[in-house]
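Trainee: One structure follows; several queries about it will come next.
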Amino acid sequence: MKNELILNKPDDMHLHLREGEILGFVLKDTASQFARAIVMPNLNTPVTTVALAKSYYHVIKGYGYNFEPLMTLYLTNSLSKEEIKKAKESEIIHGIKLYPSGVTTNSKSGISSIDSCFNLFEEMEKNDLPLLVHGEVSDPKVDIFDREKMFIDKYLTRICKNFPSLRIVFEHISTKDSVEFVMNASSMVAATITPQHAMLSRNDLLSGGIKPHNYCLPILKREIHQKAILEAAISGNSKFFLGTDSAPHLKSEKESSCGCAGVYSARTAIELYAEIFDKNDSLGKLSDFSSKFGADFYGLPRNQDKIRLIRKDHEIPHQLEFKNNHITPFLAGQTIHWQIS
Ligand code: NCD
Ligand code: ZN
């Protein structure tokens, strides 16, 4: 039995760092494990311009960690082709994120007509700037468990067909349909996988009492989907790589009559993935998933620094202190078997 694991320092290819005081809290957790992260642009004032992305970048760098934020722009209908060119030239912006309007936290400035963005996709393709998608339709009439599949059928298939050279990251996939879609798509299409979608099904959200800390978007699905996501993660297929979608919300805002969507996994992220791969006899494949495939897809050099994990039981804290409130980490109170050392 392996008791030690040395990995090239991993990259988190989908992360919410937020802004203000909570940014410092989150960044400390992420920077202690990851070399880089694709930083989501869904701030209260979304990061819609190169100037906003640059200023957010400098705020993050200002904390002084040995950590590189890989910035993204929030796609809106007012994004111009010039701004896309400028984004590519900036060298700090690595993708443009599409949120269908109203689909998730801070997405009201998102896109209400995806078809009207096709000229922008063309410009992104020309500039080789990846499109990152929150792949769910936001139509409130569509059943929440069907929104991801519907997005593939209604939009993603067409986007891939019309822009064969556009790199696309299908973020935080949650269904078997998405796994199959990505596997059958060209090498320009990849997907990120979160710990929660690989570990949990909707029973962990809804059976035996509602578990608001397992509520995230896309919502957890049936076990058959969870198994497909897990299989994709440990498959060794380079189209699937690590993206936590760690998204902190205050405990009081999750345990509420209208609780926020988002799971905070950054405190133990790489340990959780080690747990997943180990449990499925695939530890040897973790470093490609965590530290190589994502970098390769984004055209970034692989990290050369190393991190060390050891086999050691430890309990995930029940809650983390934050100001006069708390943040509940993913799998709070549960014991995991790998620890960063
Ligand atoms: C994210 C957040 O809170 O910003 N929430 C979530 O449930 N994943 C937004 C997102 O990625 O959908
Ligand atoms: Zn996210």
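Trainee: Return the residues of region 115-146 that are crowded, with 22+ Cβ neighbours inside 10 Å and over 13 Å from Leu166 (Cβ atoms); say none if nothing qualifies.
Mentor: Within region 115-146, His134, Gly135, Glu136 meet the criteria.
Trainee: Let me ask another. In region 201-224, which residues are in contact (Cβ under 8 Å) with a residue 40 or more places away in the chain and either under 18 Å from Tyr273 (Cα atoms) or within 16 Å of ligand 1 (Cβ to nearest atom) (or both)?
Mentor: Hits for region 201-224 are Arg202, Pro212, His213, Asn214, Tyr215, Cys216, Leu217, Pro218, Ile219, Leu220, Lys221.
Trainee: Hey, another quick one. Quick check on region 237-250: of everything there that is within 27 Å of Asp281 (Cβ to Cβ) and open to solvent by less than 40 Å² (accessible area, probe 1.4 Å), which residue is nearest to ligand 1 (Cβ to nearest atom)?
Mentor: Top of the filtered list is Asp245.
Trainee: Taking the condition of being more than 15 Å from ligand 2 (Cβ to nearest atom), surrounded by 24 or more Cβ atoms within 10 Å (Cβ to Cβ) and assigned to a strand (DSSP E or B), how many residues in region 8-52 meet it?
Mentor: Residues meeting the conditions: 1.
Trainee: Give, as residue ranges, the strands (runs of 3 or more DSSP E) completely inside region 281-341 that count at least 3 residues that are open to solvent by less than 90 Å² (accessible area, probe 1.4 Å) and either in contact (Cβ under 8 Å) with a residue 40 or more places away in the chain or of a type in the set (Val, Ile, Thr) (or both).
Mentor: Fully inside region 281-341 and qualifying: 306-315, 325-327, 335-340.
Trainee: Which condition number does Glu148 fail, the rest of (1) more than 26 Å from Phe293 (Cα to Cα); (2) within 16 Å of ligand 2 (Cβ to nearest atom); (3) under 18 Å from the mean Cα position of the chain (by Cα) being met?
Mentor: (1)
Trainee: Against the condition out of contact with any Cys (no Cβ under 8 Å at 6 or more places or on another chain), within 19 Å of Val182 (Cβ to Cβ) and within 16 Å of ligand 1 (Cβ to nearest atom), how does Lys97 come out, does it pass?
Mentor: Criteria met by Lys97.
Trainee: Identify the residue in region 169-186 that is open to solvent by 20 Å² or more (accessible area, probe 1.4 Å) and either part of a loop (DSSP other than H, G, I, E, B) or modelled with pLDDT under 95 (or both) and, among all such residues, is farthest from ligand 2 (Cβ to nearest atom).
Mentor: The extreme case among them is Ser186.
Trainee: Which of the residues that make up region 84-109 are more than 13 Å from ligand 2 (Cβ to nearest atom) and open to solvent by 20 Å² or more (accessible area, probe 1.4 Å)?
Mentor: Lys85, Lys86, Lys88, Glu89, Ser90, Glu91, Ile92, His94, Ser101, Gly102, Lys108, Ser109
The values are calculated or read from the model by the stated rules, or taken from the named source; none is laboratory data. What you see is a predicted model; the values in this text were computed from it and never measured. Positions of Cβ are backbone-derived with ideal geometry, glycine not excepted, and every protein chain shown enters the neighbour counts. Ligands, DNA and RNA are excluded from the accessible area calculation, which covers all protein heavy atoms including side chains. Shrake-Rupley method; radii C 1.70, N 1.55, O 1.52, S 1.80 Å.
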